[in-house]
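Below is one structure, written out as structure tokens; the observations come after it.
The values are calculated or read from the model by the stated rules, or taken from the named source; none is laboratory data. It should be emphasised that the depicted structure is a prediction, and the values quoted were computed from it without experimental measurement. Quick reminder, even Gly has a Cβ in these numbers, built from the backbone with ideal geometry, and neighbours come from all protein chains shown. Each accessible area value is taken on the protein alone, full model and side chains, heavy atoms only, with ligands, DNA and RNA left out. Shrake-Rupley method; radii C 1.70, N 1.55, O 1.52, S 1.80 Å.
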Amino acid sequence: MELEAAGAFQLRSGSVIMHINKAHHVKTISRVAMELGEDEDWLFEIAIEMEIEDGVIWVYDTSDDGQMAFTDFGIENLVDLIKIHKNNPSILAKRSP
């Protein structure tokens with residue numbers, strides 16, 4: 001099936017079709033930091049608590065160095081986390097050993 005070759009799998013339950021992967025693009029943390037005007041290292045510390053369900057993924061290239069990347073939904077969640085951390089900067093300090 002052509003969709004399976006492209007990585008978009010379908011689950012069929014009766015006559016309902018669900019698409020598993022709805023993201024057609026992601027932005028790296030470097031790009032998001034630039035667009036939001038935030039420090040990339042600070043964003044990484046905040047985003048590390050995000051899960052795949054929150055819209056964050058890791059992208060690997062031939063060097064095996066991973067890059068954190070975000071779907072549009074992930075950027076929305078990250079913006080919410082930025083607000084939380086700016087309202088209470090001590091959150092990061094509490095996580096440090």
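The local environment of residue 73, defined by Cβ-Cβ distances under 10 Å, has a net charge of -3 under the rule Lys, Arg +1 and Asp, Glu -1.
In terms of solvent-accessible area of protein heavy atoms at a 1.4 angstrom probe, what is the ranking of 28, 71, 62, highest value first? Before the final figure, lay out the partial values.
On the way: 28 55, 71 25, 62 140 Å².
I get 62, 28, 71, largest accessible area first.
Accessible surface ranking for 78, 92, 1.4 angstrom probe, highest first: 92, 78. Ranking of 81, 36, 43 by solvent-accessible surface, largest first: 36, 81, 43 (1.4 Å probe, protein heavy atoms only, all chains present). Computed from label points 7 Å out along Cα-Cβ, the spacing between residue 53 and residue 36 is 2.1 nm.
Computed over all pairs of different Cα atoms, the Kirkwood value for the hydrodynamic radius of segment 21-83 is 11.7 Å.
Rolling a 1.4 Å probe over the protein chains gives residue 27 an accessible area of about 60 Å².
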